[in-house]
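Q: Input: one structure, supplied below.
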Ligand SMILES: [Mg+2]
């Protein structure tokens, strides 16, 4: 059987909160003495609150220059130093073996501007061998790059695992099973369909096995 498990990277295979929090805090440090409580940041971020509004909330009304910050964030988000803050979630090797045994090809499907840095990161983390293929898509303006890429490539038995609306939209558009994981930047309220919400990709794989 030819079936594929498409697995998102940021927020699914790696915890990206330390990177996102660190970039915002380093921005604040340029001009202020303000500190950004990590737990509070994560809590608000998962509710879909934007970084400038999180600062406003945590730092007692402080306002950052949004345009200036957006440029700063864009320059840093895929910088090698900040990418090194990402932490592997769970056990990719276990998921890979189990998915293979269930008959799935395992494909990492991620949206990043820099394919080179993504591949460097996957190599540095030592998890390259736990994917049969790695696909890096540049984000598209007002379009779902994963939907665009997968058009004409999807089989009905395929599945997708991810932490955002992007992957859930793929599942909806192609009528395949989508699994939302709560390990990323968004809380379960962003999952859309409420019946396939899991803690992380390992629990998804265990569910598929059962
Ligand atoms: Mg993600």
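The values are calculated or read from the model by the stated rules, or taken from the named source; none is laboratory data. From a predicted model like this one, the values you see are computed outputs, not experimental measurements. Cβ atoms come from the backbone with ideal geometry, glycine included; neighbour counts cover every protein chain shown.
Q: Would a scan of region 80-101 turn up a residue that is over 16 Å from residue 10 (Cα atoms), part of a loop (DSSP other than H, G, I, E, B) and touching a strand residue (DSSP E or B) at 6+ places or on another chain (Cβ under 9 Å)?
A: No, region 80-101 contains no residue that is over 16 Å from residue 10 (Cα atoms), part of a loop (DSSP other than H, G, I, E, B) and touching a strand residue (DSSP E or B) at 6+ places or on another chain (Cβ under 9 Å).
Q: May I ask you to list the residues in region 108-134 that are surrounded by 15 or more Cβ atoms within 10 Å (Cβ to Cβ) and either farther than 19 Å from residue 77 by Cα or within 12 Å of the ligand (Cβ to nearest atom) (or both)?
A: 108, 109, 110, 111, 112, 127, 130, 131, 132, 134
Q: Okay, moving on. Step by step: first the residues of region 143-163, then only those that are within 18 Å of the chain's Cα centre (by Cα) and in a loop (DSSP other than H, G, I, E, B), then the one that is nearest to the ligand (Cβ to nearest atom). Which residue is that?
A: Residue satisfying both the conditions and the ranking: 163.
Q: Here is a further query. List, please: which pairs have Cβ atoms under 6 Å, are six or more places apart or on different chains, and start with a residue in region 23-43 that is not assigned by TED's automatic domain parsing to the domain that holds residue 75 and end with one that is part of a loop (DSSP other than H, G, I, E, B)?
A: none
Q: Return yes or no: is residue 69 under 24 Å from residue 162 (Cβ atoms), surrounded by 13 or more Cβ atoms within 10 Å (Cβ to Cβ) and more than 17 Å from the chain's Cα centre (by Cα)?
A: On the way: under 24 Å from residue 162 (Cβ atoms): no; surrounded by 13 or more Cβ atoms within 10 Å (Cβ to Cβ): yes; more than 17 Å from the chain's Cα centre (by Cα): yes.
No.
Q: Which numbered condition trips up residue 167, out of (1) within 14 Å of the chain's Cα centre (by Cα); (2) closer than 22 Å to residue 85 by Cβ?
A: Failed condition: (2).
Q: Next question. Of the residues 205, 170, 181, which single one is crowded, with 18+ Cβ neighbours inside 10 Å, away from the ligand (no atom under 16 Å from the Cβ) and touching a residue at least 60 places away in the same chain (Cβ under 8 Å)? Talk me through it step by step, then tell me what you get.
A: Working: 170 fails: away from the ligand (no atom under 16 Å from the Cβ); 181 fails: away from the ligand (no atom under 16 Å from the Cβ).
One residue alone meets the criteria, 205.
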